[in-house]
1. Just to check your reading of the model, which residue among Lys3, Lys38, Lys111 is at pLDDT below 85, exposed (fewer than 10 other Cβ atoms within 10 Å of the Cβ) and charged (D, E, K, R)?
2. Out of Ala17, Ala22, Ala8, Ala57, which single residue is touching a His at 6+ places or on another chain (Cβ under 7 Å) and at pLDDT below 90?
3. Filtering segment 41-61 down to residues that are assigned to a helix (DSSP H, G or I) and over 14 Å from the mean Cα position of the chain (by Cα), which residue is surrounded by the most Cβ atoms within 10 Å (Cβ to Cβ)?
4. Determine which single condition Ile83 fails, assuming it passes every other condition in (1) touching a helix residue (DSSP H, G or I) at 6+ places or on another chain (Cβ under 7 Å); (2) of a type in the set (Val, Ile, Thr); (3) modelled with pLDDT of 85 or more; (4) surrounded by fewer than 18 Cβ atoms within 10 Å (Cβ to Cβ).
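The values are calculated or read from the model by the stated rules, or taken from the named source; none is laboratory data. Keep in mind it's a predicted model, so treat the numbers as computed, not measured. As a convention, Cβ positions derive from the backbone with ideal geometry for all residues, glycine included, and neighbour counts pool all protein chains shown.
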Amino acid sequence: MSKYILSALLSLFSLGAVAQAAGFLEWVDVVNKADVNKDGMVSAHEVMMYDPMSHEAGVRPFMVDHFIAFDTNADGMLTMDEIKAGMVKASMTDKDMSRAFFETVGFQPPKSK
């Protein structure tokens, strides 16, 4: 039994190592990279001009699909607080967000429930 547990743990570690080796970033880090002027907010223009690495290809379709819903004060900018509130409203976890940014698709319902 412990052999199976060890094998499963090694598999999980390997997947994590592969993602990290590919340069995988958590969603917060990707948003910070997209914030070109470093004002702590991401505009629709910054989202559209952001040149994601192949492992972040889902960031643009996801943000395009969610930008208006997440922009609760309708100022055309997303703060981290607005994004986090949008995640809560959409029942998304940090893991869901990172997955959406990692995959090359737009809107996705959360998988973590």
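1. Lys3
2. One residue alone meets the criteria, Ala22.
3. Once the filter is applied, the top-ranked residue is Glu46.
4. It is condition (4) that Ile83 fails.
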